[in-house]
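Down below is the structure, laid out as structure tokens.
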Amino acid sequence: MIRSIVESCGAYLPERVVTNAELAGRIDTSDEWIVQRTGIRARHIAADGEFTSHLATKAASQALQRAGMTPSALDLIVLATSTPDETFPATATAVQANLGMTRGAAFDVQAVCSGFVYALAVADSLIKNGMAGTALVIGAETFSRILDWNDRGTCVLFGDGAGAVVLKAGQGQGTAADRGVLASTLHSDGRHHDLLYVDGGPSTTGTSGFLRMQGREVFKHAVTNLAAVVGETLSKAGLEAKDIDWLVPHQANKRIIDGTGRKLGLPDDKVVQTVERHANTSAASIPLALEAATSDGRIRRGQIVMLEAIGGGLAWGANIIRW
Ligand code: UT7
């Protein structure tokens, strides 16, 4: 059986760090409120002229270099973003050109904060059915560009960044002992549009719009749906929560991450958290956290890594990987 094996990770965060204290100097908020309600202390914000494709290219280059792979060896780029450079073409094609990759295919996936989970499932499917032997899966966002900086209920929550992984086709036995992506689960429920959306777009207002969120309502759906989708994905792989070595959740809110970890019965030290330093970087949050936990040696070859996310749509999902 073909398996998509993770070869390497890469990450990029814009240079500029904005602290809660800096935001408190501009709007009616406080470091105390933000830390207590979300766990966030700082976020990175892209510079003027620094686009999603630039962030993505830097993360991708690092992942490729760590995999010892040239761009010409890639068959596929799947880039998850809700903040593309332009309405079209796909930001993935800008990354393809920046990397100097002149063959294969590159396209975007749009599932907001669940984008990386979706993109990984798509790339894994294309590898499994033989359409690609190697793939770059990227999550990249410049959410700072779609924030209403006067809305304290949302603008303190998000940040910019990019993360990437390189996947390579390998052979497995079709059991949970295989290395690679073991199972994925994707869900959405469009009835919850109004809980989290951007109030603009090319076919409606003709503008790119600003992010609008009913945070408390999204929160209510988060822990329940995330614990359920993790359970569903574990059972597809024939594994149990106790088999998880690392939970690498979407980084929206420390309280959601802690709540999901508790519901799964996982100790805190098995849950990777970057929300404090990165805030919510939407589709970039999981690959950024993966890069952090592989670079510092926490995630090691052979371990079971569970990814999960929920966001606008509502769309949610999970992937389980043997590293
Ligand atoms: O990644 C996509 C998925 N998104 C999420 O997972 C986000 C899920 N939701 C959340 O993380 C939380 O709901 C928030 C962090 C967004 C908000 O936390 P909360 O505990 O649900 O607070 P709230 O929205 O119910 O607001 C509580 C109070 C309100 O004041 P009143 O009406 O009680 O007087 C807000 O006006 O906090 C006030 N508030 C603030 N105060 C200081 C809202 N934002 C701020 C702020 N600073 N930045």
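The values are calculated or read from the model by the stated rules, or taken from the named source; none is laboratory data. Because the structure is a prediction, the values reported are computed rather than measured. When we count neighbours, we look across all protein chains shown, and the Cβ atoms used for this are built from the backbone with ideal geometry, even at glycine. What goes into the accessible areas is simple: the full protein's heavy atoms, side chains included, and nothing from ligands, DNA or RNA. Shrake-Rupley method; radii C 1.70, N 1.55, O 1.52, S 1.80 Å.
Here is a yes/no grid of residues against (1) free of Cβ contacts under 8 Å to residues at least 60 places away in the same chain; (2) in contact with a helix residue (DSSP H, G or I) (Cβ under 9 Å, 6 or more places away or on another chain):
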| residue | (1), (2) |
| --- | --- |
| GLN65 | yes, no |
| LEU74 | no, yes |
| ALA80 | no, yes |
| PHE88 | yes, no |
| VAL95 | yes, yes |
| LEU99 | yes, yes |
| PHE116 | no, yes |
| LEU120 | no, yes |
| THR134 | no, yes |
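Mind listing whichever residues of the stretch 290-309 are under 23 Å from ASP160 (Cβ atoms), among the hydrophobic types (A, V, I, L, M, F, W, C) and out of contact with any Gly (no Cβ under 8 Å at 6 or more places or on another chain)?
Within the stretch 290-309, ALA292, ALA293, LEU307 qualify.
For VAL218, are the conditions met, namely being in contact with a Ser or Thr (Cβ under 9 Å, 6 or more places away or on another chain), of a type in the set (A, V, I, L, M, F, W, C) and within 16 Å of the ligand (Cβ to nearest atom)? No; evaluated as a whole, the condition is false for this residue. Among the residues of the stretch 278-314, which ones are within 12 Å of the ligand (Cβ to nearest atom), within 21 Å of LYS263 (Cβ to Cβ) and part of a helix (DSSP H, G or I)? Across the stretch 278-314, the qualifying residues are SER285, ILE286. Restricted to the stretch 1-45, the set of strands (runs of 3 or more DSSP E) holding at least 3 residues that are in contact with a helix residue (DSSP H, G or I) (Cβ under 6 Å, 6 or more places away or on another chain) and open to solvent by 20 Å² or more (accessible area, probe 1.4 Å) comprises 2-12.
Conditions (1) open to solvent by less than 70 Å² (accessible area, probe 1.4 Å); (2) over 24 Å from THR57 (Cβ atoms); (3) under 23 Å from the mean Cα position of the chain (by Cα), marked per residue:
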| position | (1), (2), (3) |
| --- | --- |
| VAL156 | yes, yes, yes |
| GLN171 | no, yes, no |
| ALA176 | yes, yes, no |
| SER184 | yes, yes, yes |
| HIS187 | yes, yes, yes |
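Cβ-Cβ distances below 6 Å connect the following pairs, each with a first residue in the stretch 231-253 that is within 16 Å of ILE299 (Cβ to Cβ) and assigned to a loop (DSSP other than H, G, I, E, B), a second residue that is β-branched (Val, Ile, Thr) and within 16 Å of the ligand (Cβ to nearest atom), and a separation of six or more residues or different chains: GLN251/THR274; GLN251/VAL275. Considering ALA60, ALA97, ALA106, the condition of being of a type in the set (A, V, I, L, M), outside any loop (DSSP other than H, G, I, E, B), surrounded by fewer than 17 Cβ atoms within 10 Å (Cβ to Cβ) and in the same structural domain as ARG152 (by TED's automatic domain parsing) is satisfied by ALA97 alone. Across the stretch 207-221, not a single residue is classified as among the hydroxyl-bearing types (Ser, Thr, Tyr), in the same structural domain as ILE310 (by TED's automatic domain parsing) and in a helix (DSSP H, G or I).
Between GLY209, GLY231, which is at positive phi, modelled with pLDDT of 95 or more and not hydrophobic (A, V, I, L, M, F, W, C)? Walk me through how you get there before you give the answer.
On the way: GLY231 fails: at positive phi.
Testing whether each residue is at positive phi, modelled with pLDDT of 95 or more and not hydrophobic (A, V, I, L, M, F, W, C) leaves just GLY209.
One line per residue, one yes/no per condition, for (1) within 19 Å of ALA135 (Cβ to Cβ); (2) at pLDDT below 95; (3) touching a strand residue (DSSP E or B) at 6+ places or on another chain (Cβ under 8 Å):
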{"position": "SER8", "(1), (2), (3)": "yes, no, yes"}
{"position": "ALA11", "(1), (2), (3)": "yes, no, yes"}
{"position": "ILE45", "(1), (2), (3)": "no, no, yes"}
{"position": "GLY49", "(1), (2), (3)": "no, no, no"}
